[in-house]
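Please find one structure pasted underneath; my questions will follow.
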Amino acid sequence: MLKALTSSCLQNRFHAVTTAFTPQVRRGTDSNTPLLRVLGSLRSSNRRVPYLSRRFFCSDSTDGSESNSEAAASEAKPAEEGGDADSKASAAMVPTVFKPEDCLTVLALPLPHRPLFPGFYMHIYVKDPKVLAALLESRKRQAPYAGAFLMKDEQGTDPNVVSASDTEKNIYELKGKDMLNRLHEVGTLAQITSIKDDQVILIGHRRIRMAEVVSEEPLTVKVDHLKEQPYNKDDDVIKATSFEVLSTLRDVLKTSSLWKDHVQTYIQHIGDFNYARLADFGAAISGANKLQCQQVLEELDVHKRLQLTLELVKKEMEISKIQESIARAIEEKISGEQRRYLLNEQLKAIKKELGLETDDKTALSAKFRERLEPNKEKIPVHVMQVIEEELTKLQLLEASSSEFNVTRNYLDWLTALPWGNYSDENFDVLRAEQILDEDHYGLTDVKERILEFIAVGKLRGTSQGKIICLSGPPGVGKTSIGRSIARALNRKFYRFSVGGLSDVAEIKGHRRTYIGAMPGKMVQCLKSVGTANPLVLIDEIDKLGRGHAGDPASAMLELLDPEQNANFLDHYLDVPIDLSKVLFVCTANVVEMIPNPLLDRMEVISIAGYITDEKMHIARDYLEKATRETCGIKPEQVEVTNSALLALIENYCREAGVRNLQKQIEKIYRKIALKLVREDGEIEPQNAEVGEVEAESIHLSDEIKSKEEIQAGAESANGSNDDKASENNAEAEAQGAPVNQTQKSANEDACLQDTQETEKATESEASKTVNKVVVDSPNLADYVGKPVFHAERIYDQTPVGVVMGLAWTSMGGSTLYIETSLVEQGEGKGALNVTGQLGDVMKESAQIAHTVARTILLEKEPDNQFFANSKLHLHVPAGATPKDGPSAGCTMITSLLSLAMKKPVKKDLAMTGEVTLTGKILPIGGVKEKAIAARRSDVKTIIFPSANRRDFDELAPNVKEGLDVHFVDDYKQIFDLAF
């Protein structure tokens, strides 16, 4: 009983819903159906039609629908009375004399885009004249029917990508069997309603299936008429599915005005809805692709057809929602600016009414207090007091006033500083020593001082700030030492250069009254590193400028004075900052350029530069390794011999530092890289696995040539080694064990290299692999050009009037000769002429030397009137080089006396020292550089002032080894040693 009631209720509900789709003018419909009223309201609200569809609707004159067809035709008649005969005939439905079911042979028309559903109009374009003629002929024979079949897509093409023009072009080209193969079997029997030019309007009637071909041109086929499979009208599942289709259609109708248009047209022409028609209607007006629509057309099971249609209309519902959201997004984008402006204006008005103008200030204050929270207990009381006052002041200021921004920036700096926040230091001396040795070779004095600093910190439990000044020539590694110290101590590192700085405000900050005021470098440093005990490297402190904005060197006094920097006052912050825990490391090239008050506050550690032995180690262990990696060359591809490195250091890079040495090594490796790439274009990048590089492109003649060059190079290397054997042995005696080992290893390397090169030449003949590139002293010039420096020693035995002196230069030390020559003699012609681009100090030294030499000659040889009657010319060679300094007096005296007594000075003797008029020898500077210069020129006997004995004793053993040094305090001692 319940089932029967449910069934009848559902049937009544479906009838009520379906009748809603029929027009009010039809008889037997209830004009007061609620759904019809809803549809009516939807139609009335549809004010605009976006575009005209190509799909129209008509009744389906199948299975007892002839009355419907006649009714539709009768309804259409009043509208067509004013037309011509042809239009009346085309608008009329199927004539009663020829029924659709009697049509068994039809002309096959291809549909490119969508299948034609029963009850729908469609217009197509027919370009083939034969097909067009056949269609006109069938209309005249009162059989105005054709078969409309959807075309299949070409194999291997995406139906979504192919353009419509391409598809139509393909249709026009296809004929006969080709056309048949491209058509779907199931299509629609369509009535030809009108033909205008090449445009044909079709109305779908019923489903048909192709059976066989009757003729190929134009394509005519026999068809079978298809009918839906029988189904139970009272089946609950079918009813439920159809109601869901109707419900979804109704939802879509609310959103899409285009669909409302379809319904209006459809309900004017279609008869009563049934389940099959509902399915066709939903599929026909959906936006689904043609294959999905064809699937609905081919489906004869009504329930399955309803399910397929339900999927399509549901998808249409989703598409309409997406369309809505896109439209809404674009609308929001266009009106976003206006909306934002209106909302901002409303927000201002609301805040003004509620008195909430201070919101931004409250947020700022909260941010500043949040910053202070972690270190609140460590912040000094006087600083905290200033911060609280400024926070209160911030709340009272207008946000638009300039004072507000000044206060906000001031608080920003005050709260960002690391008050009392120190990094944990590492006082492990062994670790620090290891780090310093890793980064730098030599520099014992500097490393010792750093280790002392760490040791004191370990014993005290806390480290104190110190001011260390590293002085030395360019390229000795002063800046990189600072970085290594920071790493060894586990401190934060901050570097700023003061070279050319002329504004005091860079160090002490600007007053807050200036526009764009900022704190000084130290406050910026503390904010940047986030700790109160960083290592600060002040670079080029000897190059501080002095301009209209004050004297920065004087401003540095407070910063670098250990007694004052505990309360360093920055002009911007205007509160004392404790910098006593900061370790300051300054670098300078010339200490004499630093003002004395500033220099007094520093602890100067002098870095004199590197001797040849140290440069060899640095080049081998640091520079060569880094350069090889930079150039992407593997270690097994290149060998730079010790003799090549020695020649590079002696003849190209005599300066105290190693920066120029690094440049020359880079130059060598760049040329090697070019050579390797030229020989074989298939060099593997460095990150590839290490392997031999194939060199098939090298011809055998090139290999033989390269072998001959290698052998010649080896012979010349042996020859040059033999020639230099005596010089190297003499130098080895002076340098001691390390240099002896270096020389020995250089000779061994030369022998070993000959053997290896011979083996490699044999291997290359067999395996045709690229030889290792060997850089030796004979072929060094091919990579770095001609030598820059030549041997400083001009004479093996100095002639009469010539003496070797020792000089300090910015590039280290050098030897120089002082020559005196007789111009003319005559009674009373005693005079001295000086040349060689000498400075005032050396000119005065020459005058003093002339006077002292005359005194000594009178003592030794009273009868010798040489100086009284001789016009002399004293010259210091290398006239293009300016020379000045108080250390050449004793050398000049010796040169003058040598000429006067016609005695050459002792062989292998060099001297330095300034002389007074009474013959006393004064101390000189640059002892280490001068000792190295003497070693370089194979001089074994050196004369130094007695006051410099301590400086010489402090030198490294390998510098002092093999030198015969005499310390004198009066020139008479030099006289005895020289002559």
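The values are calculated or read from the model by the stated rules, or taken from the named source; none is laboratory data. From a predicted model like this one, the values you see are computed outputs, not experimental measurements. Cβ sites come from the backbone with ideal geometry, for glycine too, and all protein chains shown count toward neighbours. Note: areas computed on protein heavy atoms with side chains; ligands, DNA, RNA excluded. Shrake-Rupley method; radii C 1.70, N 1.55, O 1.52, S 1.80 Å.
Can you tally the net charge around E448? Count Lys and Arg as +1, Asp and Glu as -1, for every other residue whose Cβ sits under 15 Å from the Cβ of E448.
Local net charge: -3.
Which net charge results for the neighbourhood of M210, defined as the other residues with beta-carbon distances under 11 angstrom from its beta-carbon, given Lys and Arg at +1 and Asp and Glu at -1? Provide the component values of the computation, followed by the final result.
Working: positive: R209, K222; negative: E185, E212, D224.
Local charge sum for M210: -1.
Can I ask one more? At a 1.4 Å probe radius, carbon and sulfur cover how many percent of the accessible area of segment 833-937?
Values: 2350 of 4290 Å².
Heavy-atom surface of segment 833-937 belonging to carbon and sulfur, 1.4 Å probe: 55 percent.
Suppose R0 equals 41 Å. What FRET efficiency, 1/(1 + (r/R0)^6) with r the Cβ-Cβ distance, do L300 and E337 give to the nearest 0.05? Don't skip to the answer; put the middle values down first.
Working: r = 58 Å, r/R0 = 1.41.
FRET efficiency, L300 to E337: 0.10.
In this model, which of K222/K315; K615/K940; K140/K233; K615/K671; K786/K906 are farther than 29 Å apart at the alpha-carbon?
The pairs that break the limit, which is 29 Å between Cα atoms, are K222/K315; K140/K233; K786/K906.
Hey, another quick one. What accessible area per residue, rounded to a whole number of Å², is obtained for segment 890-979 using a probe radius of 1.4 Å?
Ligands and nucleic acids excluded, the figure is 38 Å² per residue.
Loop-only trypsin sites (Lys or Arg not before Pro) in segment 114-154, please: DSSP not H, G, I, E or B, and at most 12 other Cβ atoms within 10 Å.
Those satisfying the criteria are K127, R141.
In addition: If E244, E452 are ordered by their accessible area, calculated over protein heavy atoms with a 1.4 Å probe, which sequence runs from highest to lowest?
E452, E244
Ordering M556, M210 from largest to smallest accessible area (1.4 angstrom probe), what's the sequence?
Heavy-atom accessible area, descending, gives M210, M556.
Could you compute the net charge surrounding F944? Neighbours are other residues with a C-beta less than 9 Å from the C-beta of F944; K and R count +1, D and E count -1. Don't skip to the answer; put the middle values down first.
On the way: positive: K930, R949; negative: D951.
So the environment of F944 carries a net charge of +1.
Another one. May I ask you to give the percent of accessible area on segment 280-418 that is carbon plus sulfur, with a probe radius of 1.4 Å? Could you put the intermediate results ahead of the total?
On the way: 4670 of 8690 Å².
Its accessible area is 54 percent carbon and sulfur atoms.
Going from the alpha-carbon gyration tensor of segment 834-979, what semi-axes, largest first and in whole Å, does one get by taking the root of 5 times each eigenvalue?
26, 17, 14
Using each residue's phi in segment 894-906, evaluate 6.51 cos²θ - 1.76 cosθ + 1.60 at θ = phi - 60° and report the 3J(HN,Hα) Karplus result to the nearest Hz, with x for Gly and Pro.
Couplings: 4, 5, 5, 5, 4, 6, 5, 8, 6, 10, x, 6, 4 Hz.
Now for a separate question. Would you mind checking the pairs K458/K930; K378/K458; K196/K304; K466/K521; K883/K928; K492/K930 and listing those with alpha carbons more than 27 angstrom apart?
With Cα atoms farther than 27 Å apart: K458/K930; K196/K304; K492/K930.
Where in segment 536-623 are there GluC sites (Glu not before Pro) that are in a DSSP coil and have at most 14 other Cβ atoms within 10 angstrom of their Cβ?
Taking segment 536-623 and a limit of 14 other Cβ atoms within 10 Å, the loop GluC sites (Glu not before Pro) found are E563.
Leaving out ligands, DNA and RNA, what percent of the accessible area of segment 446-579 is carbon and sulfur, probe 1.4 Å?
49 percent
Name the chymotrypsin sites (Phe, Trp or Tyr not before Pro) in segment 480-545 that are in a loop by DSSP and that have at most 12 other C-beta atoms within 10 Å, would you? Write out the running numbers ahead of the final one.
Details: sites: F493, Y494, F496, Y514; in loops: Y514.
Sites meeting the loop and neighbour criteria: Y514.
Another question, then. Using the structure shown, list the pairs from K130/K175; K127/K175; K333/K361 with a Cα-Cα distance above 23 Å, or answer none. Walk me through the numbers before you get to the answer.
Numbers: K130/K175 11 Å; K127/K175 12 Å; K333/K361 32 Å.
Long pairs (Cα-Cα over 23 Å): K333/K361.
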